[in-house]
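> Let me give you the structure first, and then I'll get to my questions.
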């Protein structure tokens, strides 16, 4: 016997359908799969495949550019890719402030810090730049700061060039304590006092103090050689050597200044002046000076002989 279902509750048709409401009398066809969330593990294979396809396409484009030399040419002209990307987003270096420089130029500081138009502020290593600057002989201390969105601030403390030091045929720029700053390779430090000889760099301040004692004669002193690590020999602008004593060299320099004022001793045919004895001055004459002196003595002796 067949049982008829009540007319107000119609039998839903066969298939994966859900009842939305009794009164509406309508049915919404919906897949059972849509009603249940699909696990991530089932969706990954499809996404991985898409990513692999896109990655293969990008790799093909990149390899083609590399083979064609385009990437290398772009890198040489615009810098590394991460720097280009950061600059494109507005993080380039638009302003650089440098303070504390005296002997160095702005260009030398930028080269030492590794800053050029191809880098970006986002990937600029301020600490590495500081280390590079402090490795520069003329720079004693450096500070480097990044100021977003586009500024780098550099503050320097330079080593003050004090004198030139010549040893074993090489010329160096030194600080007041004798520390070698750099080799002398340009003319910007040619005006500095010059000391010559082993360990003369550590006694340069002593030589400069002696120059100050010379008064008006000081500009004519060109250099000083430290002899046997004990005493100084001054070299004057006319090539004349002045040997100073080991003790009280300042007093000897003052004697030289007096001799020049009273006797114009530096204008005579003299090769060297020895001031190592406090009670006498010993002079070594040039060949012309020695010959002239010999003639003068001969004439004087002849004159005395005639008088007798």
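> Determine whether segment 181-195 contains at least one residue that is over 33 Å from the mean Cα position of the chain (by Cα), assigned to a helix (DSSP H, G or I) and in the same structural domain as residue 280 (by TED's automatic domain parsing).
Looking for residues that are over 33 Å from the mean Cα position of the chain (by Cα), assigned to a helix (DSSP H, G or I) and in the same structural domain as residue 280 (by TED's automatic domain parsing), one finds none in segment 181-195, hence no.
> Considering each of 73, 112, 107, 86 in turn, give the residue that is closer than 23 Å to residue 147 by Cβ, part of a helix (DSSP H, G or I) and at pLDDT below 90.
Answer to the selection: 86.
The values are calculated or read from the model by the stated rules, or taken from the named source; none is laboratory data. The model shown is predicted, which means the values in this text are computed figures rather than measured ones. Neighbour counts are summed over all protein chains in view; Cβ atoms, including those assigned to glycine, are modelled from backbone coordinates with ideal geometry.
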